[in-house]
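Working notes for the structure below.
The values are calculated or read from the model by the stated rules, or taken from the named source; none is laboratory data. Keep in mind the model is a prediction, meaning the values are calculated, not measured. Don't worry about glycine lacking a Cβ; one is built from the backbone with ideal geometry, like all the others, and counts go over all protein chains shown. In case anyone asks, the SASA skips ligands and DNA or RNA and just uses the protein heavy atoms, side chains included. Shrake-Rupley method; radii C 1.70, N 1.55, O 1.52, S 1.80 Å.
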Amino acid sequence: MRWQNLYIAGLGAFLPEQVCTAEQAVADGHYGEGEREANGYRAVRVASEEETGPVMAAAAGRQAVERSGVAAEEFGLVVHASVGHQGQDVWTPAHYVQNETVGGHGAAFEVRQGSNSGLAAVEVAASWISARPDRDAALVTTGDAFKLPYWDRWKADDQVVYGDGAGAVVLSTRGGFLKVRSTASHGDPSLEPLYRGEDAWTPAPFHTGGPVDLAGRKSHWLGRNEGAYDEAIARINKNFGTVLTQALTDADCELGDTQWFVHANMSRTIVEWGFHGALGLDPDRTVYEWGLDYAHMGGGDQIIGLNRLFETGRPKPGDLIVTAGAGIGFMWTVAVLEVLETPSW
């Protein structure tokens, strides 16, 4: 999708103060030394009991709104994106975030699309406000706290460690410091069973009482035949290439024309092979090294990473930024952004 009048006016993030290092997790028996060495993660942030996903998202949202300079009454939409438990069952966290940030009478809803939740929510919000000229802005937030007994941040997946945190972005059709040149999304539901596994359906959340076992689910599905793993990897790579090419084409540029690339905080093996190696990316033009101290923050890595990139003051007017996400299901979203000015914050 080629956008004509769509901008990012504000970014925000909330990262809990408490830190747990990977070394400490190994010493405590929560994480394996082999996994620590292979995956490369150094630490995670750990939310307090009061810092639920929506609470952190609201804090990030307030920062993004304040930085944007957009008045509360201009917001026609709030979208909250997440992966894990949001602090209550049978509840609407998007309305909590809305009430704690911009208030008003605009629409508010959730996007839960795995690790692609944040970027998917941005594209949904962009379409919403672009189709409604009476409301100029949308607030998108992400927020997750990965807590036992439901989620074991160190063992839920075999190549990913989960850190707590939240991000926020203000989209505007009036203006901002970043122009959204294009977004593109691409799905492949044939890969849906990869994270469902072969377990029986359950009648209620957390029915077994044990933590989520994503690694086990993948193992079941990938073990169905000898070629299943290679088939899945080939399909994932093809789909990512398709959506990346589409977004770059719609933005009238090539990957070599861009200066920055913000991807998820994945493990060293995934990033060095799937991003840096496959695309020829310079790690210094990403936030990869920074992300190793925060790990994978659900659907928020890209938004939080963009916030980090601008807080360092490195992007300059005229620079192009690519940000890419992938979520179980599967769906990929890529956005191409153009830096118009360096924000004062």
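For ALA232, state whether it is under 24 Å from LEU6 (Cα atoms) and of a type in the set (Gly, Ala, Ser). The answer is no for ALA232.
Looking across THR333, THR312, one residue alone is among the β-branched types (Val, Ile, Thr), modelled with pLDDT of 95 or more and farther than 23 Å from ASP157 by Cβ. It is THR312.
Which residues, counting only those in the range 66-93, are of a type in the set (Ser, Thr, Tyr) and either open to solvent by 40 Å² or more (accessible area, probe 1.4 Å) or more than 26 Å from ILE328 (Cβ to Cβ) (or both)? Across the range 66-93, the qualifying residues are SER68, THR92. When every residue of the range 163-170 is checked against the conditions, at least one turns out to be over 29 Å from GLN259 (Cβ atoms), at pLDDT 95 or above and not basic (Lys, Arg). On the stretch given as the range 239-254, residues that are more than 17 Å from GLY325 (Cα to Cα) and either open to solvent by 20 Å² or more (accessible area, probe 1.4 Å) or modelled with pLDDT under 95 (or both) total 4. Just checking, does the range 116-128 include any residue being open to solvent by 10 Å² or more (accessible area, probe 1.4 Å) and either among the basic types (Lys, Arg) or in a loop (DSSP other than H, G, I, E, B) (or both)? No, every residue in the range 116-128 fails to be open to solvent by 10 Å² or more (accessible area, probe 1.4 Å) and either among the basic types (Lys, Arg) or in a loop (DSSP other than H, G, I, E, B) (or both). Filtering the range 1-47 to residues that are among the polar types (S, T, N, Q) and either over 30 Å from GLU341 (Cα atoms) or in contact with a Gly (Cβ under 6 Å, 6 or more places away or on another chain) (or both) leaves GLN18, THR21, GLN24, ASN39. TYR96 passes every criterion in (1) open to solvent by less than 40 Å² (accessible area, probe 1.4 Å); (2) in a helix (DSSP H, G or I); (3) in contact with a helix residue (DSSP H, G or I) (Cβ under 8 Å, 6 or more places away or on another chain) apart from (1). For the range 316-345, how many residues are closer than 30 Å to LYS218 by Cα and part of a strand (DSSP E or B)? Of the residues in that region, 11 qualify.
Kindly indicate whether ASP164 is touching a residue at least 12 places away in the same chain (Cβ under 8 Å), crowded, with 19+ Cβ neighbours inside 10 Å and of a type in the set (D, E, K, R). Yes; evaluated as a whole, the condition is true for this residue.
For GLY84, the test of being touching a residue at least 12 places away in the same chain (Cβ under 8 Å), within 19 Å of the chain's Cα centre (by Cα) and part of a loop (DSSP other than H, G, I, E, B) is passed. Of the candidates GLN4, GLN63, the single residue that is open to solvent by 20 Å² or more (accessible area, probe 1.4 Å) and not in a helix (DSSP H, G or I) is GLN4.
Checking each residue in the range 200-210 for being open to solvent by 50 Å² or more (accessible area, probe 1.4 Å) and either modelled with pLDDT under 90 or under 22 Å from the mean Cα position of the chain (by Cα) (or both) picks out ALA200, PRO205, PHE206, HIS207, THR208. Scoring THR269 on the criteria (1) surrounded by fewer than 19 Cβ atoms within 10 Å (Cβ to Cβ); (2) part of a strand (DSSP E or B) leaves a single failure, condition (2).
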